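Structure first, commentary second.
The values are calculated or read from the model by the stated rules, or taken from the named source; none is laboratory data. Just so you know, these numbers come straight off a predicted model, no measurement behind them. For neighbour counting, all protein chains shown are included, and Cβ atoms are generated from backbone atoms with ideal geometry for every residue, glycine included.
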Amino acid sequence: MACRIEVSGAYLIDNGQRLVLWIGKDASPELLLGLFGINSFAQLDTTSAPMRALPELDSEISRKSRCIVDTVRLERGNPGLPLMVLRQGEASEQKLLTASMIEEKVNANDAHNYSDYLVHLHREIQSKLN
């Protein structure tokens, strides 16, 4: 199964120095309204200073997203970890995403998904125990 970034999605990336919330250009109006209180991608202002937190809106996606951000910060031991909202197509997008993401190259004949790997590992452990 190949993983792709969907232009209709939103992704939280932790690069160790900041949290980056990437918003795709085709993000649904419902997602944008729930997260930021706006109706369209064009209304998303990312030119201001980095956010400390997502806006506290009365929506389930807002509550869950803020909880995820807070949990990541606590697990990293850095409650002040900056949050940056990044719109798809911004000039800084390529630099920030390239530095944050790694793609593993595998031989097509040896490519296994994670569940295949776990099955293989389980079988190896069982053979050692028997």
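Under the condition of being in a loop (DSSP other than H, G, I, E, B) and in contact with a Leu (Cβ under 8 Å, 6 or more places away or on another chain), which residue from the stretch 32-47 is nearest to LEU19 (Cα to Cα)? If we take residues in the stretch 32-47 being in a loop (DSSP other than H, G, I, E, B) and in contact with a Leu (Cβ under 8 Å, 6 or more places away or on another chain), then THR46 is nearest to LEU19 (Cα to Cα). If the condition is being of a type outside the set (Lys, Arg) and farther than 28 Å from LEU74 by Cβ, then the stretch 7-34 contributes VAL7, SER8, ASP26, SER28, PRO29, GLU30.
I'd like the full set of residues that are of a type outside the set (A, V, I, L, M, F, W, C), at pLDDT below 80, surrounded by 11 or more Cβ atoms within 10 Å (Cβ to Cβ) and within 22 Å of ASP14 (Cβ to Cβ), limited to the stretch 84-130. SER92, GLU93, SER100 - these are the residues of the stretch 84-130 that are of a type outside the set (A, V, I, L, M, F, W, C), at pLDDT below 80, surrounded by 11 or more Cβ atoms within 10 Å (Cβ to Cβ) and within 22 Å of ASP14 (Cβ to Cβ). Across the stretch 48-75, the qualifying residues are those that are in contact with a helix residue (DSSP H, G or I) (Cβ under 8 Å, 6 or more places away or on another chain) and closer than 22 Å to ARG18 by Cα, and the one among them that is surrounded by the fewest Cβ atoms within 10 Å (Cβ to Cβ) is GLU56.
Of the residues ASP45, ASP14, ASP26, the single one that is surrounded by 13 or more Cβ atoms within 10 Å (Cβ to Cβ) and within 18 Å of GLU93 (Cβ to Cβ) is ASP14.
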